[in-house]
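Asker: Following this message is one structure expressed as structure tokens.
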Amino acid sequence: MIQENILEIQGKIEKACKKSDRLTSEVRLIAVTKTQPTEAMAPLIALGIKAVGENKVQEIRDKYPVFQDAFHWHLIGHLQTNKIKYIIDKVSMIHSVDSYHLAEKINQEALKHQLVMPILIQVNIAEEDSKFGIAREACESVIREIASLPNVHIQGLMTIAPFVENPEENRWVFRTLKEIFIDIKNKTIDNVDMYELSMGMTNDFEVAIEEGATLVRIGTAIFGQRNYT
Ligand SMILES: *Cc1c(COP(=O)(O)O)cnc(C)c1O
């Protein structure tokens with residue numbers, strides 16, 4: 001049951017916060033609803049879950065009309081520039097910005113709608129595992145470039161950690177992202193804020209919270225194994 005799963009996750013979030021001397025209010029749960037039908041998503045509303053994460057533009061286009069602003073839609077997957085126009089007025093944050101080029105195109109579409117899009121910069125910390133994300137070394141220079149765009153607002157960093165058996169194996173990934181976060185924060189770049197750290201999934205969110213996550217993206221622990229057929 002979704003309700004029991006969410007209660008269990010919330011309990012684990014609280015525990016991880018206690019353990020690391022953080023306030024539970026500093027961590028937000030994003031329910032990752034990719035592949036889930038709208039019927040599976042509907043109960044989230046009554047359970048007080050506002051934020052949902054999707055990794056495909058098409059799924060947001062399909063589901064948005066059903067719920068509209070009852071959810072805050074987070075785009076957490078790779079975004080192609082030709083599809084920005086379909087989601088620019090629907091999503092409340094894009095977690096997966098990994099180039100100046102993409103940010104520039106988001107900026108253009110945001111300008112058309114006279115809005116400022118909150119974005120996170122995706123950093124590829126564990127380089128062997130994901131082909132998306134900016135390399136750690138390039139982070140600051142790309143962020144400085146993107147900062148010049150008035151209709152996007154950098155609010156933090158995101159990473160996807162590798163799949164590991166033991167979540168402790170990902171602790172260094174989360175710690176490294178937090179280090180970059182602090183580093184950039186200390187540089188106080190105009191139009192760049194560092195308050196969101198989007199890291200941690202079903203398998204490793206407690207470790208991510210202990211290392212400073214503010215947004216955890218959780219699918220399987222809420223809905224069970226995804227059915228991709
Ligand atoms: C699917 C996905 C998640 C959720 O993964 P679970 O292991 O099911 O919790 C989180 N983040 C991103 C970017 C994803 O694509």
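The values are calculated or read from the model by the stated rules, or taken from the named source; none is laboratory data. Given the structure is predicted, the values throughout are model-derived calculations rather than measurements. In this analysis, Cβ positions are derived from the backbone assuming ideal geometry, glycine residues included, and neighbour counts consider all displayed protein chains. Surface areas here come from the heavy atoms of the whole protein model, side chains and all, with no ligands, DNA or RNA. Shrake-Rupley method; radii C 1.70, N 1.55, O 1.52, S 1.80 Å.
Asker: Using a Gaussian network model on the chain with a 10 Å cutoff between Cα atoms, which of 167, 65, 118 fluctuates the most?
Answerer: 65
Asker: Please report, as a whole percent, how much of the solvent-accessible surface of the chain comes from carbon and sulfur atoms (probe radius 1.4 Å). Provide the component values of the computation, followed by the final result.
Answerer: On the way: 5460 of 11090 Å².
The computed percentage sits at 49.
Asker: Could I ask something else about it? Which FRET efficiency value, to the nearest 0.05, is calculated for residue 50 and residue 116 with the Förster distance at 22 angstrom and r the Cβ-Cβ distance?
Answerer: Values: r = 20 Å, r/R0 = 0.91.
Once the sixth-power term is evaluated, E becomes 0.65.
Asker: Please figure out what share of the DSSP beta bridges in the chain is antiparallel and state it in percent, rounded to the nearest 5. Could you put the intermediate results ahead of the total?
Answerer: Working: 0 of 28 bridges.
Counting DSSP beta bridges with both partners in the chain, the antiparallel share is about 0 percent.
Asker: Per DSSP helix of 4 or more residues, -39500 (n - 2.57); summed, then divided by the residues of the chain. What does that give at 222 nm, rounded to the nearest 500?
Answerer: Numbers: 10 runs with 88 residues, N = 229.
Using -39500 (n - 2.57) per qualifying helix, the result is -10500 deg cm²/dmol.
Asker: I want to verify a result. In a Gaussian network model of the chain, Cα cutoff 10 Å, which of these has the top mean-square fluctuation: 189, 88, 218?
Answerer: 189
Asker: While we're looking at this one, here's another question. Residue separation times 0.36 nm, minus the C-alpha to C-alpha distance between residue 185 and residue 172: what's the value?
Answerer: 2.7 nm
Asker: Please give the per residue volume of the convex hull enclosing the alpha carbon atoms of the chain, rounded to a whole number of Å³. Show your work: numbers first, answer last.
Answerer: Numbers: hull volume 28.5 nm³, N = 229.
Once divided by residue count, the hull of the chain is 125 Å³.
Asker: Once the piece of chain linking residue 227 and residue 1 is laid out straight, how much longer is it, given 0.36 nm per residue of separation minus the C-alpha distance between them? It would help to have the intermediate numbers written out before the result.
Answerer: Working: separation 226, 0.36 × 226 = 81.36 nm, distance 1.65 nm.
Length difference between fully extended and current span is 79.7 nm.
Asker: Positive end of the dipole of the chain, charges at C-beta (+1 Lys, Arg; -1 Asp, Glu), about the Cα centre: which of 170, 111, 201 has its Cα farthest in that direction?
Answerer: It is 111.
Asker: What net charge is computed for the residues neighbouring residue 155, neighbours being all others with C-beta under 11 Å from the C-beta of residue 155, Lys and Arg scored +1, Asp and Glu -1? Write down the numbers at each step before the final one.
Answerer: Details: positive: none; negative: 193, 196.
It works out to a net charge of -2.
Asker: Provide the gained length on full extension for the span residue 58 to residue 136, in nm with one decimal, where the gain is 0.36 nm per separating residue minus the Cα-Cα distance. Mind showing how you got there, number by number?
Answerer: Working: separation 78, 0.36 × 78 = 28.08 nm, distance 3.00 nm.
Going from the current span to full extension adds 25.1 nm.
Asker: I'd like the distance between the alpha-carbon centres of segment 181-223 and segment 145-173, rounded to an integer number of Å.
Answerer: Segment 181-223 and segment 145-173 have Cα centres spaced 7 Å from each other.
Asker: Could you please report the charge total around residue 89, scoring K, R as +1 and D, E as -1 over all other residues with beta-carbon less than 14 angstrom from its beta-carbon? All intermediate terms of the calculation are to be shown ahead of the outcome.
Answerer: Numbers: positive: 61, 83, 85, 90, 112; negative: 69, 109.
So the environment of residue 89 carries a net charge of +3.
Asker: Would you tally the net charge around residue 64, using a Cβ to Cβ cut-off of less than 10 Å, leaving residue 64 out, and scoring K and R as +1, D and E as -1?
Answerer: Details: positive: 61, 63, 90; negative: 54, 59, 62, 69, 89.
With Lys, Arg at +1 and Asp, Glu at -1, the net is -2.
Asker: Right, another one. Could you give me the radius of gyration and the Dmax of segment 107-203, taking only the C-alpha atoms into account and expressing both in angstrom?
Answerer: Computed over the Cα atoms of segment 107-203, radius of gyration and Dmax are 14.3, 46 Å.
Asker: Could you tell me what % of all Cα pairs in segment 153-194 have separations over 16 Å? The partial results should precede the final answer.
Answerer: Details: 367 of 861 pairs.
Everything past 16 Å amounts to 43 percent.
Asker: If you don't mind, another one. Quick check for you: with a 1.4 Å probe and neighbouring chains kept, what is the accessible area per residue of the chain, in Å²? Numbers along the way, then the final one.
Answerer: Numbers: 11090 Å² over 229 residues.
That works out to 48 Å² per residue.
Asker: With all distinct Cα pairs included, what does the Kirkwood hydrodynamic radius of segment 170-229 come out to in Å, to one decimal, could you say? Mind dumping the intermediate values first?
Answerer: Values: mean 1/r = 0.0784 Å⁻¹.
The answer is 12.8 Å.
Asker: Give me, ordered by chain and number, the residues 5 or more places off residue 32 or on other chains with an amide H under 5 Å from its own placed amide H.
Answerer: 53, 218, 219
Asker: For segment 1-75 and segment 96-139, write down the distance between their C-alpha centroids in whole Å.
Answerer: 22
Asker: Between residue 86 and residue 8, what is the label-to-label distance in nm when each label sits 7 Å out along the Cα-to-Cβ direction?
Answerer: Placing both labels 7 Å along Cα→Cβ, they lie 3.4 nm apart.
Asker: Please build a GNM for the chain, connecting alpha carbons under 10 Å apart, and tell me which residue among 112, 131, 83 fluctuates the most.
Answerer: 131
Asker: Still on this structure: Applying 1/(1 + (r/R0)^6) with R0 = 30 Å to the Cβ-Cβ distance of residue 19 and residue 70, what FRET efficiency is obtained, to the nearest 0.05?
Answerer: Numbers: r = 33 Å, r/R0 = 1.10.
Efficiency computed from Cβ-Cβ geometry: 0.35.
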